[in-house]
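Since the structure comes first, as structure tokens, the remarks are kept for the end.
The values are calculated or read from the model by the stated rules, or taken from the named source; none is laboratory data. The structure displayed is predicted, hence computed values, not measured ones. A quick note on method: Cβ atoms are made from the backbone with ideal geometry, for glycine too, and the neighbour counts reach across all protein chains shown. The protein model used for the area step is the full one, side chains on, heavy atoms only, and it has no ligands, DNA or RNA in it. Shrake-Rupley method; radii C 1.70, N 1.55, O 1.52, S 1.80 Å.
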Amino acid sequence: MQTRAVVYKRTEGGLKGEYELKETFECPQVDEGSVVVKIKACGLDLIRNRKILEDMHLLAGQEQPVGADISGVVTQVGSGVTRVSVGDEVVGVVPLSSESAGCSMNCVLSEYDLVSKPEKVGHVDAAACIGDGIKAYTGLFYQAHVCGGETVLIMDGASSFGLVAIQLVQSWGAKVLTTAASEEEVLLLESLQPHVGYVIDMREGCSLVDTCMEETGGLGVDCIIDNGVTLYSEDFTEHAPQSKIHGTAGHGIPTKHDLLSCLAVGGRWVTSQADLQLDPPDCQLMYLKGASLSFLFEHTWTLSRGQHGRYLHILADIMEKLANSLIRPVVHHTVSLDDACKALQSLHKQRVGKVVVTM
């Protein structure tokens, strides 16, 4: 079947590309286990995993479908589908290896990539929350095993992922420390209910390590969820003088040594930095603290079906928490499908909340 969809087109002979709205995008064939969903809303994210897809030989051409976090209505089901029916309102994530585009009029998925959307939850909120919810749930629950009474440091708390992670941590009874790099981020984080334990304003040049130690009585934080790290503060030369003094990289991006120094004994560091490299002194510091390191890649669930029951549990639990207002996504603004390409081009500047395409 054909639909309108946004794709990322790689330019010839380079890694850069542009977004294009295709009027005749070809969806995958509908087989006995497939479900066709009429998209009502899709959360926007930057194309970050192309290198991974190429390494795994999952890309066939120069075009990559855009959009993964979707919410919509089932319009067609395969003969073997038992979990959903035509007319059901569903929410899910398009697998990384799929040829379907979430940012489109229609999308073809497996029935096991979807769960029912609660009636009291809107399509926009569902699409804004589901992808970041999976990432936060995976890092905090399955990798870091966060529990009540612990202290968690979440970098970039005003981002769409950071906001969901903060609310999940608070629902489990843990204390949250988080960082902000602008006035808009600070105001948003300080307005959250329940209140965040401490908002670390990276503009003020305060030491991330000193603040974490002060807030934990010198013990350090039990868990860290980063949004990317840099090797050394000198990587950002224009911010190097301040970084050398205060021990933090420019733009609020921490150095790996900062995060290791913030960890408590037995602490867990969950990183989104795919190419992170630890030097022997870093490893020795982790060894002395009995600390652990995990790599957070939320698409593992759909690339390997070995634990798909747990994945469906995550999807259902996120929707339940959303319905019960334990999680409240912050939607910065919505755009139409016709304006999605323009929104994607400027998405790297968007540091607060989620941008959602509505159909």
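So the values come out like this:
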{"read-out": "nm² value of the averaged projected area, convex hull over the Cα atoms of the range 130-182", "value": "3.2"}
{"read-out": "Carbon + sulfur, % of accessible area of the chain - ligands and nucleic acids excluded, 1.4 Å", "value": "51"}
{"read-out": "q = 0.20 Å⁻¹, the range 151-204: log10 I(q)/I(0) [Debye, one scatterer per Cα]", "value": "-0.57"}
{"read-out": "Amide H within-cut-off set for A144, under 5 Å, with H built and near neighbours excluded", "value": "none"}
{"read-out": "Under 5 Å, built H, 5+ apart or other chain: amide partners of N227", "value": "M155"}
{"read-out": "Leading residue at positive end of dipole, the chain (Cβ point charges), from S79, I224, C262", "value": "S79"}
{"read-out": "The chain: relative contact order as a whole-number percent, Cα under 8 Å and 6+ apart", "value": "18"}
{"read-out": "Charge tally in the Cβ shell below 15 Å around I130, where Lys, Arg are +1 and Asp, Glu are -1, I130 excluded", "value": "-3"}
{"read-out": "Principal-axis tilt of helix 280-289 within the chain, Cα atoms, nearest 10 degrees", "value": "80"}
{"read-out": "Compactness relative to 2.2 N^0.38 Å, alpha carbon Rg of the range 253-298", "value": "1.08"}
{"read-out": "Dipole magnitude (debye, nearest 20) for the range 131-295, charges at Cβ of Lys, Arg, Asp, Glu", "value": "540"}
{"read-out": "Hull-based mean projected area of the range 131-295, where the convex hull spans the alpha carbons, in square nanometres", "value": "8.9"}
{"read-out": "In Å², nearest 10: area of R268 left accessible to a 1.4 Å probe", "value": "40"}
{"read-out": "Sequence ranges 289-299, 66-76, ranked by mean other-Cβ count within 10 angstrom, highest first", "value": "66-76, 289-299"}
{"read-out": "Entries in K321/K349; K22/K342; K135/K342; K22/K135; K256/K354 that, when Cα-Cα distance is taken, lie over 23 Å", "value": "K321/K349; K135/K342; K22/K135; K256/K354"}
